[in-house]
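Asks: Starting off with a structure, shown below.
A short reminder: the numbers here are calculations on the coordinates, not readings from a lab. Here the structure is a predicted model, which means the values were calculated and not measured.
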Amino acid sequence: MAELRPPWDAPRVRLLAARGDVGGLVRIGRLARNWRRRDMGSIVGCSASRVSRLESGARSGVDVAVLRGSAGAVDMPAGYRVRYWE
């Protein structure tokens, strides 16, 4: 199955970005690629439960390396990434 590119300029995405919802942005990117949380975890090097915590907005158990890896895996635009963890 071909991977799809998430609609990074869609109104919902801009709203999530304005709210600082990095997990929501990662989820949109993951779903656009038809990846399961397990798939994303394998790519990033973490468990599916850690991906779930990231997407739900939990801060405990999710480190900056997982955030950066997840954002990179879904090709999140740099402008959305930089403002949240640098």
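Asks: For ARG36 and ALA48, calculate 0.36 nm times their separation in residues minus their Cα-Cα distance, and state this gained length in nm to one decimal.
Replies: Extra length available between ARG36 and ALA48 comes to 3.5 nm.
Asks: Would you kindly state how much longer the chain becomes between ARG14 and SER56 on full extension, computed as 0.36 nm times their sequence separation minus their alpha carbon distance, in nm to one decimal?
Replies: 13.4 nm
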